[in-house]
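Written out below as structure tokens is the structure these notes cover.
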Amino acid sequence: MLAQEAKNPAPASTAAKPAAAAAAPAAEAAAKPAEATASVKPGDATAGQGKSAACGACHGIDGNSADPQYPKLAGQSEAYIVHQLNSFKSGKRQNPIMMGMVAPLSEQDMHDIGAYFASKTSLPGVADQALVERGEQLYRQGDSAKGVPACMACHSIDGRGNPGAMYPQLTSQHAQYIEATLKAWHDGTVWGDDAHSQIMPGIAAKLDAKDIAAVASYVEGLHAAEGAGTSAAK
């Protein structure tokens, strides 16, 4: 009997094999996202130039869009571009055109495209002289009575932004695009569910139509290359 009992553990070892075999694919699948992330390298601007060819139809070959309804991407940080592309791909940011464009892109593609546009320079715009005074006040000082902070606190005095904190460059951005975006935020549009995505809708909700037009125009006139906070007016 003792000899027979000593042999009995063998089936238990055999029974464990299916469980181990089942666990292996699960572990392998769990490891794939980590491997994919680890394989992503800093963006390659040269590779990004080819990958961004389709982007040029709306945003311009060098990221300086001719149609003001589409934002300039020239000079925008790689990190911010990648973040927005991922938001489109996940559906957190809704735009039928962009969601279709990003669908086939890999994470590396996004970084390469971001690096390409980050390497370009945004062409200067011009602010409306009639709106500069109020626009400058909002951008540099904010409006304490309305609870609106100064734009430059996050986007810098000359509109270069803060890539590390994911605050975008605004320098020379089309006033039409800025105005449309601020109005959308004012009306409740949100570009995600994280805390960072709630910042601008909360601020825009406190701005009226005149304030939005003024700060949008001022931003278009910001010329980072000419010195801190200069805004050309027409």
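Odds and ends about this structure:
- Compactness of segment 45-118 - radius of gyration and Dmax, Cα, Å: 11.1, 29
- Our summary of shape: the Cα atoms of segment 99-149 have principal axis extents of 46, 27, 19 Å, ordered from largest down, in whole angstrom.
- Among the listed pairs K72/K120; K146/K210; K92/K146; K72/K206, those with a Cα-Cα distance over 19 Å are K92/K146; K72/K206.
FYI, it's all coordinate maths here, none of it is from the lab. In this text, all values refer to a predicted model and were calculated from it rather than measured experimentally.
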